[in-house]
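Written out below as C-alpha cells is the structure these notes cover.
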Amino acid sequence: MRAMEVGVLVSPTDLSAAITDVARTVEQAGLESLFLVEHTHVPVSRRDVLVGLHSELPRILDQFTALGAAAAVTSRLKLGTAMCIAAQRDPIILAKQVTTIDHLSGGRFLFGVAAGWLAEEMRNHDVQPQLRWKLMREKILAMQAIWTQDEAEFHGQFVDFDPILLWPKPVQVPHQPKPVLVGGSGPLSLRAAAEYGDGWMPEIEDLAEFKLRT
C-alpha cells in the first residue's frame, strides 16, 4: 500500500514569513508539497468576508510569482496552486505561467483549479458568476490543447483562437502538468474532475454535509 503524502497549504502575504523561508522549511521537514491559494483582491463591498481564515485575502501574493521563488530555493518539494481561479484568467497567459513554473521546478508543479466563489471578484474580472464552470471548462481544455500541440488552436463558445506557437511545453509526461486537480466540494467539481481533470481536490469543512452534497 502506498504511504500517505502530506502537504501544506499557505496564504503568503506581504506581512507573513517570506515564501522562500516557508518553502525551505516545508522541504526540510520532509513534506511532499506546498500549495498556495489565490484571490486577486476583495471588493470593498464584501468586507464581510474578511473574517477568520479569509482575513488575509486582500494581501495574498500572486501565486505564480511566489511559486517561482519557492522553486528557486527547493529541489524536491512539489509546488502547486490550491486553487487557481481559472475562470478569471486568460487561458493563453495562464498556459504560459503553468509551463514556466513546471520548467523552472523541473516538473514539480501541481495545477489545482477551481471555479471560484466570490461573485464580486469575478465580476471585476468581467466574469459572470453563473458561467464560471463553463468558462473554467473551456479554458482548461484550451490550455490542454496548447500543452499538447505545437500549433495549437481552440474554438469554443468563450475561448477562441487560431493556431498559435507557445513554449515551453510541460516537463512532465506524457503531455501536460500532472495532475490537474479540480477543487470544490460538490457534484459539479467531481464531474469536472472526471471530464478534464486528473484528480479531485475536495474542500471538506463539515464531513456530514460533504457526504450529503457528493
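FYI, it's all coordinate maths here, none of it is from the lab. Bear in mind that the values here come from a model prediction, so they are computed numbers and not experimental data. Virtual Cβ from ideal backbone geometry, glycine too; neighbours counted across all protein chains shown.
Tabulated results
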| quantity | calculated |
| --- | --- |
| Most to least packed among 133-141, 147-155, 90-98 [average Cβ atoms within 10 Å] | 133-141, 90-98, 147-155 |
| P(r) of segment 1-152 over all Cα-Cα pairs, binned every 10 Å from zero, in whole percent | 11, 37, 35, 17, 1 |
| Formal net charge of residues neighbouring residue 45 (Cβ-Cβ distance under 12 Å; K, R +1; D, E -1) | 0 |
| Spatial separation of Cα centroids for segment 79-141 and segment 28-67, in angstrom | 15 |
| Value of relative contact order over segment 7-213, rounded to a whole percent, pairs C-alpha under 8 Å and six or more apart | 17 |
| Calculated FRET value between residue 50 and residue 171, using beta carbons and R₀ = 35 Å, to 0.05 | 0.40 |
